[in-house]
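Step one of this worksheet: look at the structure below.
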Amino acid sequence: MFNIHGFMKSRKLYNRIAVFRKERNISRKELAEIIGVNFQTVGYLEREEYNPSLDLAFKISEYFGLPVELIFSTEPLKPLIEEIIELKNKIGGQ
């Protein structure tokens, strides 16, 4: 996971930005204005062509009112309904 210079390679981040944006019925441009980036950046993020800075990830998380780990992951994300069912099973099984 390190490059030839000894630095850790950037790993791909998966995200649910588009899902939450559509749920709120806001455009990429509107989200971009809220979080302080160019609307094209939101497109790059949604297509997972660009990893956000930590600050930007927190801005997105704060806007949606959700934990960062519900929006971003280093592993491919499952559909939300599957995660909700798993969470309910964990809570109900305790």
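Whenever a residue of the range 1-21 is of a type in the set (D, E, K, R), its partners that are assigned to a loop (DSSP other than H, G, I, E, B) and at pLDDT 60 or above, lying with C-beta atoms within less than 9 angstrom and at least six residues away or across chains, give the pairs Arg11/Asn51; Arg11/Thr74; Lys12/Glu48; Lys12/Asn51; Lys12/Thr74; Arg16/Leu66; Arg16/Leu77; Arg21/Ser27. Picking from residues in the range 52-94 that are within 16 Å of Tyr14 (Cα to Cα) and of a type in the set (Val, Ile, Thr), the one that is surrounded by the most Cβ atoms within 10 Å (Cβ to Cβ) is Ile60. On the basis of being assigned to a helix (DSSP H, G or I), in contact with a strand residue (DSSP E or B) (Cβ under 8 Å, 6 or more places away or on another chain) and either hydrophobic (A, V, I, L, M, F, W, C) or within 26 Å of Ile84 (Cα to Cα) (or both), does Ala18 make the cut? No. Scanning the range 69-94 for residues that are part of a helix (DSSP H, G or I), within 16 Å of Arg21 (Cβ to Cβ) and under 12 Å from the mean Cα position of the chain (by Cα) returns Leu70, Ile71.
The values are calculated or read from the model by the stated rules, or taken from the named source; none is laboratory data. Since the model is a prediction, treat every value here as computed from it, not as a measurement. Because the Cβ atoms are built from the backbone with ideal geometry, glycine has one as well, and the counts that use them run over all protein chains shown.
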